[in-house]
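**Student:** Below is one structure. I have some questions about it.
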Amino acid sequence: MKSPLLLSSALLLSACQSAPTTETLYIQDKLADCVGVAPMKCMQVRSQPGESWTLFYQQIEGFTFEPGFRYQLEVRTEQLTDVPADASSVRYQLIKVVSKQAVR
């Protein structure tokens, strides 16, 4: 028998986020200047080869960026609800590094 607290916690968590989906992200080989709460460095990403690079203000859980390499990643994305105003409503988690290519 599950405790009522455990069951209500599980229901609350499931109400706060949607089912995860997967997507491919391409990561540029260098960080770019950007401004969040303060000036910082952001990854540059795109969803398809040939698209323009966009600034990515978040982290990808399980991924460590190394300058000088372009990456193709498979990531799990999860929509979150009821997040603070200064937080992202999307969580990104690394599934796998599809490719990692040195840029000369």
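**Student:** Kindly provide the set of residues from region 19-50 that are over 23 Å from Glu78 (Cα atoms) and either of a type in the set (D, E, K, R) or in a strand (DSSP E or B) (or both), ordered by number.
**Tutor:** Across region 19-50, the qualifying residues are Asp29, Lys30, Ala32, Asp33, Cys34, Val35, Pro39, Met40, Lys41.
**Student:** Now for a different question. Which of the residues spanning region 24-39 are open to solvent by 70 Å² or more (accessible area, probe 1.4 Å) and without any contact (Cβ under 8 Å) to a residue 12 or more places away in the chain?
**Tutor:** Correct list: Asp33, Val35, Pro39.
**Student:** Go through Asp82, Asp86 for me and flag whichever is under 17 Å from the mean Cα position of the chain (by Cα), open to solvent by 70 Å² or more (accessible area, probe 1.4 Å) and at pLDDT below 90. Before you say what the answer is, go through the steps one by one.
**Tutor:** Working: Asp82 fails: under 17 Å from the mean Cα position of the chain (by Cα).
So the residue among Asp82, Asp86 that is under 17 Å from the mean Cα position of the chain (by Cα), open to solvent by 70 Å² or more (accessible area, probe 1.4 Å) and at pLDDT below 90 is Asp86.
**Student:** Taking region 47-69 only, how many residues are in contact with a strand residue (DSSP E or B) (Cβ under 9 Å, 6 or more places away or on another chain), under 11 Å from Tyr26 (Cβ atoms) and open to solvent by 70 Å² or more (accessible area, probe 1.4 Å)?
**Tutor:** Going through region 47-69 one residue at a time, the tally reaches 4.
**Student:** From the list Leu31, Leu80, Leu25, which residue is under 21 Å from Ala102 (Cβ atoms) and in contact with a Ser or Thr (Cβ under 8 Å, 6 or more places away or on another chain)?
**Tutor:** Working: Leu31 fails: in contact with a Ser or Thr (Cβ under 8 Å, 6 or more places away or on another chain); Leu80 fails: under 21 Å from Ala102 (Cβ atoms).
None of the others qualify; the one that does is Leu25.
**Student:** Against the conditions (1) surrounded by 15 or more Cβ atoms within 10 Å (Cβ to Cβ); (2) farther than 18 Å from Arg46 by Cβ; (3) more than 10 Å from the chain's Cα centre (by Cα), where does Gln72 fall short? Just the number, please.
**Tutor:** Every listed condition holds for Gln72 apart from (2).
**Student:** Turning to a different aspect of this structure: Are there any pairs with C-beta distances below 9 angstrom linking a residue in region 47-76 that is small (Gly, Ala, Ser) to a residue that is part of a loop (DSSP other than H, G, I, E, B) and open to solvent by less than 80 Å² (accessible area, probe 1.4 Å), with the two at least 6 apart or on different chains, and if so which?
**Tutor:** Matching pairs, first to second residue: Gly68/Asp29; Gly68/Val103.
The values are calculated or read from the model by the stated rules, or taken from the named source; none is laboratory data. Nothing here was measured: the structure is a model prediction, and the numbers come from that model. Cβ sites come from the backbone with ideal geometry, for glycine too, and all protein chains shown count toward neighbours. Just so you know, the surface numbers come from the protein's heavy atoms only, side chains and all, with ligands and any DNA or RNA stripped out. Shrake-Rupley method; radii C 1.70, N 1.55, O 1.52, S 1.80 Å.
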